[in-house]
Amino acid sequence: MSQQQNQKSGLSILWMQCIGCFIIFAGIAYLMYEGATYTLDHAGMQLAYTLRSHAVTVLAIGITHMGAGLFEGIVCTAAALLFVWRKQWSAAALLLVNLAGVWLLNDGLKEWFARVRPDEAFRLVAANSYSFPSGHAMGAASFYGALAFLLARRYAAFRIGIWTGGMVLVLLIGLSRVYLGVHYPSDVIAGFAMGAAWLSLNMLAYQSRHALYTSIRKRDTSA
């Protein structure tokens with residue numbers, strides 16, 4: 001298979017991934033609106049409560065901070081500056097646009113669905129905004145996914161480990177939100193889905209630009 005065919009195949013996969021994740025999000029949102037996620041949410045939160053201990057709580061708070069906007073903003077800025085220093089403008093733009101976009105998108109979705117968070121009596125940390133979808137889960141899936149994507153491209157020999165580590169971190173951040181009592185499981189799953197959809201869209205733009213740039217260079221070289 002030629003390089004051009006590989007690029008087209010990769011773009012098609014990203015389109016399908018984006019659409020598939022959005023459909024999953026829409027399905028969860030519909031079930032949540034109809035009250036059909038109650039059993040899942042109740043069972044998931046009851047399980048989280050039974051697992052609570054001082055040591056696990058300290059660990060969960062540490063993990064959940066890695067999905068906070070401040071932490072992601074600092075890491076994103078540092079990584080973007082590093083890419084700029086290496087003159088990798090597209091990589092820096094991907095990180096910045098991806099993170100800023102997912103923040104705005106999550107704020108809009110929270111206001112749209114206006115789902116109230118779990119009862120304050122069960123929360124171990126403060127949370128003031130609406131509940132659906134989880135901002136930590138959505139932001140982590142999008143931001144750490146983008147970071148893993150860029151690192152895996154540069155260090156191809158370690159791409160499996162990079163993607164695995166990224167997915168484990170994202171999963172732990174989502175689980176920490178349920179454990180800490182500030183989100184329902186359906187909030188987190190929906191956050192993962194929409195975060196992955198937004199990530200796929202950004203990866204699609206990045207890959208499309210790269211394919212166009214490669215095509216132009218090849219045409220200029222052969223001219």
Query raised in the report: For Arg177, all conditions in the list (1) exposed (fewer than 14 other Cβ atoms within 10 Å of the Cβ); (2) assigned to a helix (DSSP H, G or I) hold save one; what is the number of the exception?
Result: (1)
Report task. Out of the residues in the stretch 29-76 that are of a type in the set (S, T, N, Q) and touching a Leu at 6+ places or on another chain (Cβ under 8 Å), state the one that is farthest from Tyr179 (Cα to Cα). Result -> Thr37
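Look through the stretch 29-86, keep the residues that are among the charged types (D, E, K, R) and touching a helix residue (DSSP H, G or I) at 6+ places or on another chain (Cβ under 8 Å), and return whichever of them is farthest from Ala141 (Cα to Cα). Break it down into steps so the answer makes sense when it comes.
Our first condition is that a residue be among the charged types (D, E, K, R); within the stretch 29-86, this holds for 34, 41, 52, 72, 86.
Still in the running and touching a helix residue (DSSP H, G or I) at 6+ places or on another chain (Cβ under 8 Å): 41, 52, 72.
Numbers: Asp41: 20, Arg52: 25, Glu72: 11 Å.
Among residues in the stretch 29-86 that are among the charged types (D, E, K, R) and touching a helix residue (DSSP H, G or I) at 6+ places or on another chain (Cβ under 8 Å), the one farthest from Ala141 (Cα to Cα) is Arg52.
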Report task. Starting from the stretch 50-72, take each residue that is among the hydroxyl-bearing types (Ser, Thr, Tyr) and list its partners that are in a helix (DSSP H, G or I), counting only C-beta distances under 7 angstrom and pairs at least six apart or across chains. Result -> Thr64/His136; Thr64/Ile173; Thr64/Ser176; Thr64/Arg177
Requested in this report: Among the numbered conditions (1) in contact with a Ser or Thr (Cβ under 9 Å, 6 or more places away or on another chain); (2) over 25 Å from Pro185 (Cα atoms); (3) hydrophobic (A, V, I, L, M, F, W, C), tell me where Val102 comes up short.
Outcome: (2)
Report task. Tell me, yes or no, whether the stretch 29-44 has at least one residue that is at pLDDT 95 or above, hydrophobic (A, V, I, L, M, F, W, C) and buried (at least 19 other Cβ atoms within 10 Å of the Cβ). Result -> yes
Query - When residues of the stretch 122-163 are limited to those that are among the basic types (Lys, Arg) and in a helix (DSSP H, G or I), the one farthest from the chain's Cα centre (by Cα) - result: Arg154
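The values are calculated or read from the model by the stated rules, or taken from the named source; none is laboratory data. Please read all numbers here as calculations on a predicted model, not as lab measurements. Virtual Cβ from ideal backbone geometry, glycine too; neighbours counted across all protein chains shown.
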